[in-house]
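S.K.: Once you've had a glance at the structure underneath, I'll fire off some questions.
The values are calculated or read from the model by the stated rules, or taken from the named source; none is laboratory data. Bear in mind the structure is a predicted one, so any value in this text is a computation, not a measurement. In this analysis, Cβ positions are derived from the backbone assuming ideal geometry, glycine residues included, and neighbour counts consider all displayed protein chains. Please note that ligands, DNA and RNA were not included when accessible areas were found on the heavy atoms of the full protein model with its side chains. Shrake-Rupley method; radii C 1.70, N 1.55, O 1.52, S 1.80 Å.
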Amino acid sequence: MPRYSLIIATLHDQGDLALCLASLASQVDAPDFEVIIVDQNGDDRLVSLVETYADRLALVHLQVDFRNACRARNLGAGQARGEWLGFPDDDCQLLPTTLSALAATAADPSIGVITGRTVDAAGAANVLRWRAEPMSFDRRGMFGCLTEATLFVRRELFFAAGGFDERFGPGTRFPAAEGVDLMNRLFDHMQGYSAHYNPLVTMQHPTKIPPWNRWAVRRFHEYAIGDGALIAKSPSPHMFNWGARTLVAAGLQVLRFNGWQSLAFAARIAGLVRGYVRYQLARLK
């Protein structure tokens, strides 16, 4: 039985999944793990790739007829056999020692959630402003410690929390914030467990912004819709504090009047408000 199950929801693959699987096949001193690919493409484009790695990785290929990343992750989690569940993006590449670092941290029986960080091709931190040192974290400190791609959770905790909220994430009206939402709910079930961030649990992830352009503006807006909806879903001091800090930081960027970059942060502000209102209206229906 594998101790770790890595669930990868994939759609519109452009060759990134092959790099992801290659990185998994190249792990050094890795614990036993399985890979569950939840394929939302609706065709057989990944069949030959899965066959290529079938003798190098413990692979499960689930082909589904829907397009919803969190629904795919939940489905994969239901098929998983591992004690720990992780959800790498299909365009992530794990560094050779990522899983060994994960296993070293998971050896502490008091830890129920482990998070890591992302870096670009040059090894510089990206996506978030990651902490430099390992640390335990709580609800207030979780915002700089995780994305869904770097989140690993004990199986029983994942199901106790209800898994991912399928209204959030790619393919939904609230296309982001699903990892923070899950972590926020996991804290309700952490009796006897702690959450730990370890920067050695590292994945390479492409840096998509910059460049600052029309696509970046749209992406900032869409992701902020998810953030605003999460604040509406979980109205609490740590969520409002996170939202307020995001608004202030975005406002300062807007006031720099720096072309597309300022437009992107203006779109983030609009997206936060839109997501908050959209979630409230949906709740009233």
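S.K.: Step by step: first the residues of the stretch 135-146, then only those that are open to solvent by 20 Å² or more (accessible area, probe 1.4 Å) and assigned to a loop (DSSP other than H, G, I, E, B), then the one that is farthest from Trp84 (Cα to Cα). Which residue is that?
M.R.: Result: Arg140.
S.K.: Here is a further query. Can you pull out the helices (runs of 4 or more DSSP H) entirely within the stretch 176-285 that have at least 3 residues that are open to solvent by 40 Å² or more (accessible area, probe 1.4 Å)?
M.R.: Passing ranges, in order: 214-233, 237-254, 259-284.
S.K.: Kindly list, by first and then second residue, each pair from a residue in the stretch 127-145 that is in contact (Cβ under 8 Å) with a residue 24 or more places away in the chain to a residue that is of a type in the set (Phe, Trp, Tyr), limited to pairs with Cβ atoms under 7 Å and residues at least 6 apart or on different chains.
M.R.: Correct list of pairs: Arg131/Tyr197; Pro134/Tyr197; Met135/Tyr197; Phe137/Tyr197; Arg139/Phe187; Phe143/Trp242; Cys145/Phe137; Cys145/Tyr197.
S.K.: Quick one: Gln204 ticks every box in (1) of a type outside the set (Lys, Arg); (2) in contact with a Ser or Thr (Cβ under 9 Å, 6 or more places away or on another chain); (3) within 21 Å of Glu83 (Cα to Cα) bar one, so which box is it?
M.R.: (3)
S.K.: I'd like to check which strands (runs of 3 or more DSSP E) are fully inside the stretch 3-96 and have at least 1 residues that are open to solvent by 10 Å² or more (accessible area, probe 1.4 Å). Explain how you work it out, then say what you get.
M.R.: Working: elements: 4-10, 33-39, 58-63, 84-86.
Counting at least 1 such residues, we get 4-10, 33-39, 58-63.
S.K.: Looking for whichever is modelled with pLDDT under 95, open to solvent by 20 Å² or more (accessible area, probe 1.4 Å) and at negative phi here; the options are Ala160, Ala132. Which one fits?
M.R.: Values: Ala160 fails: modelled with pLDDT under 95.
Exactly one of Ala160, Ala132 is modelled with pLDDT under 95, open to solvent by 20 Å² or more (accessible area, probe 1.4 Å) and at negative phi, namely Ala132.
S.K.: Among the residues that make up the stretch 54-64, is at least one of them polar (S, T, N, Q) and within 20 Å of the chain's Cα centre (by Cα)? Full working, then the answer.
M.R.: To start, the set of residues in the stretch 54-64 that are polar (S, T, N, Q) comprises 63.
When the remaining residues are screened for being within 20 Å of the chain's Cα centre (by Cα), the result is none.
Scanning the stretch 54-64, I find no residue that is polar (S, T, N, Q) and within 20 Å of the chain's Cα centre (by Cα), so the answer is no.
S.K.: Which residue pairs have Cβ atoms under 7 Å apart, sit 6 or more places apart or on different chains, and have a first residue in the stretch 215-231 that is under 17 Å from Arg245 (Cβ atoms) and a second that is of a type in the set (Lys, Arg) and open to solvent by 10 Å² or more (accessible area, probe 1.4 Å)?
M.R.: As it stands, the answer is Phe220/Arg268; Ala224/Arg268; Gly228/Arg274, since those pairs meet every condition given.
S.K.: Do we have Gly116 as farther than 14 Å from Leu182 by Cα, assigned to a strand (DSSP E or B) and in contact with a Ser or Thr (Cβ under 9 Å, 6 or more places away or on another chain) here?
M.R.: Numbers: farther than 14 Å from Leu182 by Cα: yes; assigned to a strand (DSSP E or B): yes; in contact with a Ser or Thr (Cβ under 9 Å, 6 or more places away or on another chain): yes.
In short, yes.
S.K.: State all residues of the stretch 42-99 that are farther than 15 Å from Arg154 by Cα and of a type in the set (D, E, K, R); if no residue qualifies, say none.
M.R.: The answer is Asp43, Asp44, Arg45, Glu51, Asp55, Arg56, Asp65, Arg67, Arg71, Asp89, Asp90, Asp91.
S.K.: Further question: Would you mind finding the one in Leu62, Leu19, Leu11 that is closer than 20 Å to Thr202 by Cα and among the hydrophobic types (A, V, I, L, M, F, W, C)? Before you say what the answer is, go through the steps one by one.
M.R.: Values: Leu62 fails: closer than 20 Å to Thr202 by Cα; Leu11 fails: closer than 20 Å to Thr202 by Cα.
The unique qualifying residue is Leu19.
S.K.: Now for a different question. Inspect the stretch 148-171 for any residue being of a type in the set (Val, Ile, Thr), assigned to a loop (DSSP other than H, G, I, E, B) and out of contact with any Phe, Trp or Tyr (no Cβ under 6 Å at 6 or more places or on another chain) and give the result as yes or no. Before you say what the answer is, go through the steps one by one.
M.R.: Looking only at the stretch 148-171, we keep the residues that are of a type in the set (Val, Ile, Thr), and these are 150, 153.
Remaining after also requiring assigned to a loop (DSSP other than H, G, I, E, B): none.
Checking the stretch 148-171: not a single residue is of a type in the set (Val, Ile, Thr), assigned to a loop (DSSP other than H, G, I, E, B) and out of contact with any Phe, Trp or Tyr (no Cβ under 6 Å at 6 or more places or on another chain).
Condition check ((1) more than 21 Å from Cys145 (Cα to Cα); (2) touching a Cys at 6+ places or on another chain (Cβ under 6 Å); (3) at pLDDT 95 or above) across all residues:
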site	(1), (2), (3)
Tyr197	no, yes, yes
Pro211	yes, no, no
Trp215	yes, no, yes
His221	yes, no, yes
Pro235	no, no, yes
Thr246	no, no, yes
Gly259	yes, no, yes
Phe265	yes, no, yes
